[in-house]
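Student: Submitted below is the structure of interest, expressed as structure tokens.
The values are calculated or read from the model by the stated rules, or taken from the named source; none is laboratory data. This one's a predicted model, so the numbers in the text were calculated from it and none came from an experiment. Heads up, the Cβs are rebuilt from the backbone with ideal geometry, glycines too, and the neighbour counts pull from every protein chain shown.
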Amino acid sequence: MSDLETLTSQLQELSTKAVESVQAAITPEQLEQVRLEFLGKKGALSKVLGGMGKLPGADRPKIGAIANEIKQTLQTQLEQQKNALRQAEIAKRLESETLDVTMPGVMRFPQGRAHPLHSAIDRALDVLVGLGYTIAQGPEIETEYYNFEALNTPADHPARDMQDTLYLTDGKLLRTQTSSVQIRYMEENDPPLRIACPGGRVYRKDEVDATHLPIFHQIELLAVEEGLTFGDLKGTVTTFVEQLLGEQVEVRFRASYFPFTEPSAEVDVKWKGRWLELGGCGMVDPNVFKAVGYDPEAVSGFAFGFGADRIALVLHQIDDIRLMVGSDLRFLRQF
Ligand code: FA5
């Protein structure tokens, strides 16, 4: 075999081995090893080419050309294998780090739920909104004017004794009823109107028992337009109670007294065999209309204010209002 043939076959053998080694490499480090082994300064290719000195001058370019081709092919294959390894690595990472956002969450904390008072208020408001009432709000810290005077209850009025009031400084007080919202809303808006003040806190120096708390919640209704009658009031209150508590619940109206309504009534529902007072209602007193600048000859109106906590008692069949503020989880988890 001539030197040219020997070198050529050595180069071909080297080429075959190199291609196999590239394909067997499965990490970037192994690929670098292969590169050094075949193409490095002291690598296999250099060694083979070291034998070129023995060749006659005319054969050297032939071997040079074969060596170049092998070098280029090997470099291309190294590059391709490097890219393939990189892609495989990315695909592997994507797979292992994939987050399936549609999987159900891990319940580390128990789910919350609505307090029975708030679910009762929500249900009451659903009914009222269905009857055409819009929501109005007012502050819990009130002035004597909005809580009493504008509601036809001046300082020397005996009715002030009906609600034991918690006074603050500067003539302010903690509102004893949501009726104050009536005045605030009418001052700012013209009739016709139908508003509901939802579940606002009210405060009284009341003795605590199974149906009384010192801080409780009222929902207030007010409707004003031309020609409203006590019949409209009775129909509205009855419909509201039936829709909220069910048609089987008995409702009764008892003649009563409030300084801001005339005539006035108390609304009771039959519950656990006895009558439970839900709220007070009546036709808006002309003096209240005068206080807000309405003409009592042109419009009439009715109002209804009831205890939201008491509604919750009936809705959820709870027999002691104190449970509502006890924060006893064994009680609350039942709803
Ligand atoms: C009033 O507060 C009037 N503002 C209601 C009203 C509005 C009359 C509009 C006319 C027109 P009364 O003091 O009766 O009324 O209270 C209304 C309701 O609040 C009671 O029927 C009861 O359901 C609830 N309530 C009163 N005091 C307490 C209390 N200490 N704890 C829990 N609920 C109470």
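Student: Please count how many residues of region 90-118 are closer than 30 Å to L313 by Cβ and either among the aliphatic types (A, V, I, L, M) or surrounded by 10 or more Cβ atoms within 10 Å (Cβ to Cβ) (or both). Step through it out loud before you land on a result.
Tutor: Applying the first criterion (closer than 30 Å to L313 by Cβ) to region 90-118 yields 109-118.
From what's left, either among the aliphatic types (A, V, I, L, M) or surrounded by 10 or more Cβ atoms within 10 Å (Cβ to Cβ) (or both): 113-118.
Residues that pass the stated criteria total 6.
Student: Among the residues of region 285-333, what is the count of those that are closer than 28 Å to G227 by Cα and not in a helix (DSSP H, G or I)?
Tutor: First, pick out the residues of region 285-333 that are closer than 28 Å to G227 by Cα: 285-307.
After this cut, where a residue has to be not in a helix (DSSP H, G or I) as well, the list is 285, 292-307.
Looking only at that region, the number is 17.
Student: Pick out the one residue from V181, V202 that is within 14 Å of the ligand (Cβ to nearest atom), assigned to a helix (DSSP H, G or I) and of a type in the set (A, V, I, L, M, F, W, C).
Tutor: Result of the check over V181, V202: V181.
Student: Checking the conditions here, which among F240, F230, F289 is within 13 Å of the ligand (Cβ to nearest atom) and either in contact with a Cys (Cβ under 6 Å, 6 or more places away or on another chain) or not polar (S, T, N, Q) (or both)? If you could, list the steps in order and put the result at the bottom.
Tutor: Numbers: F240 fails: within 13 Å of the ligand (Cβ to nearest atom); F289 fails: within 13 Å of the ligand (Cβ to nearest atom).
Result: F230 is the single residue among F240, F230, F289 that is within 13 Å of the ligand (Cβ to nearest atom) and either in contact with a Cys (Cβ under 6 Å, 6 or more places away or on another chain) or not polar (S, T, N, Q) (or both).
Student: Is it the case that some residue within region 302-317 is charged (D, E, K, R) and more than 14 Å from the ligand (Cβ to nearest atom)? Break it down into steps so the answer makes sense when it comes.
Tutor: At the first step, the residues of region 302-317 found to be charged (D, E, K, R) are 309-310.
Those still in the list that are more than 14 Å from the ligand (Cβ to nearest atom) too: none.
Checking region 302-317: not a single residue is charged (D, E, K, R) and more than 14 Å from the ligand (Cβ to nearest atom).
Student: Continuing with the same structure: Among the residues of region 301-313, is any over 20 Å from G199 (Cα atoms), modelled with pLDDT of 95 or more and assigned by TED's automatic domain parsing to the domain that holds T211? Give the steps one after another, and end with the answer.
Tutor: Restricting attention to region 301-313, the residues satisfying the condition of being over 20 Å from G199 (Cα atoms) are 301.
Next cut, modelled with pLDDT of 95 or more only: 301.
From what's left, assigned by TED's automatic domain parsing to the domain that holds T211: 301.
The answer is yes, given that some residue of region 301-313 is over 20 Å from G199 (Cα atoms), modelled with pLDDT of 95 or more and assigned by TED's automatic domain parsing to the domain that holds T211.
Student: Also: Count, please, the residues in region 204-214 that happen to be free of Cβ contacts under 8 Å to residues at least 40 places away in the same chain, loosely packed, with under 15 Cβ neighbours inside 10 Å and not charged (D, E, K, R).
Tutor: 0
Student: Looking at region 141-162, I want the residues that are surrounded by 15 or more Cβ atoms within 10 Å (Cβ to Cβ) and assigned to a loop (DSSP other than H, G, I, E, B) and have a partner that is at pLDDT 85 or above and not charged (D, E, K, R) with Cβ atoms under 6 Å, at least 6 apart or on another chain. Which pairs are those?
Tutor: N152/P259; N152/F260; N152/N287; N152/V288; T153/P259
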